[in-house]
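Worksheet for the structure shown next.
The values are calculated or read from the model by the stated rules, or taken from the named source; none is laboratory data. Since the structure is predicted, the reported quantities are computational estimates derived from the model, not experimental observations. Positions of Cβ are backbone-derived with ideal geometry, glycine not excepted, and every protein chain shown enters the neighbour counts. The area values use the complete protein model at the heavy-atom level, side chains included, leaving out ligands, DNA and RNA. Shrake-Rupley method; radii C 1.70, N 1.55, O 1.52, S 1.80 Å.
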Amino acid sequence: MTGPIEAGERVLLIDQRDRTYLLTVHVGGTYHTHSGTLSHDALIGKPEGTRLETSQGMVLVMFRPRFADYVLKMPRGAQVVYPKDLGPIVTFTDIHPGARVLEAGTGSGALTIALLRAVGDHGRVVSYELRSEHRDRAAQNVEAFFGKLPDNLELREGDVGEIGATAERFDRAVLDLAEPWAPLGALAGVLDPGAVVCAYLPTTVQVQQLVLALPQAGFVHIESFEIMKRGWHVTERSVRPDHRMVGHTGFLTIGRRVGSSD
């Protein structure tokens, strides 16, 4: 979206110490900070990049939030997939416009949103979640991000292993499950030859069990890796790594579905 900020939009405020605050603006609303208040009306109708001051003189810069900003601050029912992993999942699984994607483990919906953005209006995302409270939270987060639940999204409560009883077909499968090897047999029945499967796992023990199970289920070209994000502190006097970094969050394991032999 471009143009001035409108009532009902989310905005990201950045203070002089680079701290960020996410809020939805409403006519007549007031945002309370540790350094005074800021009227929502002062934000509405202003372009991105506008500088504003609270009642006590704290300077804030206003932008529309990026997807990464929304993911880190959205309400969580389950642990979210971090932005540093969302991009590689979409890229290495080759989620493209028009793709038919099966997701297992909806969680808080961060990955679901990333998948929907990647498949576009002509793609489809079917997401399974065992826990109803996580499914409900994800639905709220997805709706808050897009303004409605997209027509090409289906959120299902249940075990992804049930997919084997359907006649559906998918190009890609993304698994955020504790035991992603369990539904591999069912997935083999709904994934087209050449389809890509990706699992997101926190421990090496899980990765090992999955990698050993994938060839038996008809998957090849298997790779496992993780993504590290290290920021750098840059000034006129020095350039050095930040003292803190986003290290291990999860491993990505990728595989390709083979076809039957003639």
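Against the list (1) without any contact (Cβ under 8 Å) to a residue 40 or more places away in the chain; (2) over 23 Å from Asp85 (Cα atoms); (3) part of a loop (DSSP other than H, G, I, E, B); (4) not hydrophobic (A, V, I, L, M, F, W, C), the condition Gly185 fails is (3). Take the conditions (1) assigned to a strand (DSSP E or B); (2) hydroxyl-bearing (Ser, Thr, Tyr); (3) more than 18 Å from Glu53 (Cα to Cα); Thr2 misses just one of them, which is (1).
Restricting the stretch 189-208 to residues that are out of contact with any Ser or Thr (no Cβ under 9 Å at 6 or more places or on another chain) and open to solvent by less than 20 Å² (accessible area, probe 1.4 Å) leaves a set whose member that is nearest to Ala114 (Cα to Cα) is Ala195. Reported count of residues in the stretch 209-233, each being surrounded by 12 or more Cβ atoms within 10 Å (Cβ to Cβ) and within 26 Å of the chain's Cα centre (by Cα), is 10. Across the stretch 118-128, the qualifying residues are those that are under 21 Å from Pro83 (Cβ atoms) and in contact with a helix residue (DSSP H, G or I) (Cβ under 7 Å, 6 or more places away or on another chain), and the one among them that is most open to solvent (accessible area, probe 1.4 Å) is Ala118. Within the stretch 212-251, if we keep just the residues that are among the β-branched types (Val, Ile, Thr) and out of contact with any Asp or Glu (no Cβ under 9 Å at 6 or more places or on another chain), the residue that is modelled with the lowest pLDDT turns out to be Val246. Checking the stretch 143-158 against the condition returns a match, with at least one residue being under 13 Å from the mean Cα position of the chain (by Cα) and surrounded by 16 or more Cβ atoms within 10 Å (Cβ to Cβ). Within the stretch 86-99, residues that are at positive phi sit with their Cβ atoms under 8 Å from residues that are outside any helix (DSSP H, G or I) and open to solvent by less than 30 Å² (accessible area, probe 1.4 Å), at 6+ positions apart or across chains, in these pairs: Asp94/Arg172; Asp94/Val196; Gly98/Gly120; Gly98/Gly123. Would you say Tyr82 is modelled with pLDDT under 95, surrounded by 15 or more Cβ atoms within 10 Å (Cβ to Cβ) and out of contact with any Phe, Trp or Tyr (no Cβ under 8 Å at 6 or more places or on another chain)? Here the answer is yes, as Tyr82 does meet what is asked. Among the residues making up the stretch 210-262, those that are in contact with a strand residue (DSSP E or B) (Cβ under 7 Å, 6 or more places away or on another chain), of a type in the set (A, V, I, L, M) and either within 26 Å of Gly87 (Cα to Cα) or not in a strand (DSSP E or B) (or both) are Leu210, Val211, Leu214, Val220, Ile222, Met245, Val246, Leu252, Ile254, Val258. Evaluate the following for Pro88: is it open to solvent by less than 50 Å² (accessible area, probe 1.4 Å), under 19 Å from the mean Cα position of the chain (by Cα) and more than 22 Å from Phe146 (Cβ to Cβ)? Yes. For Thr50, are the conditions met, namely being open to solvent by 20 Å² or more (accessible area, probe 1.4 Å), of a type in the set (Val, Ile, Thr) and without any contact (Cβ under 8 Å) to a residue 12 or more places away in the chain? Spelling it out, it is not the case that Thr50 is open to solvent by 20 Å² or more (accessible area, probe 1.4 Å), of a type in the set (Val, Ile, Thr) and without any contact (Cβ under 8 Å) to a residue 12 or more places away in the chain.
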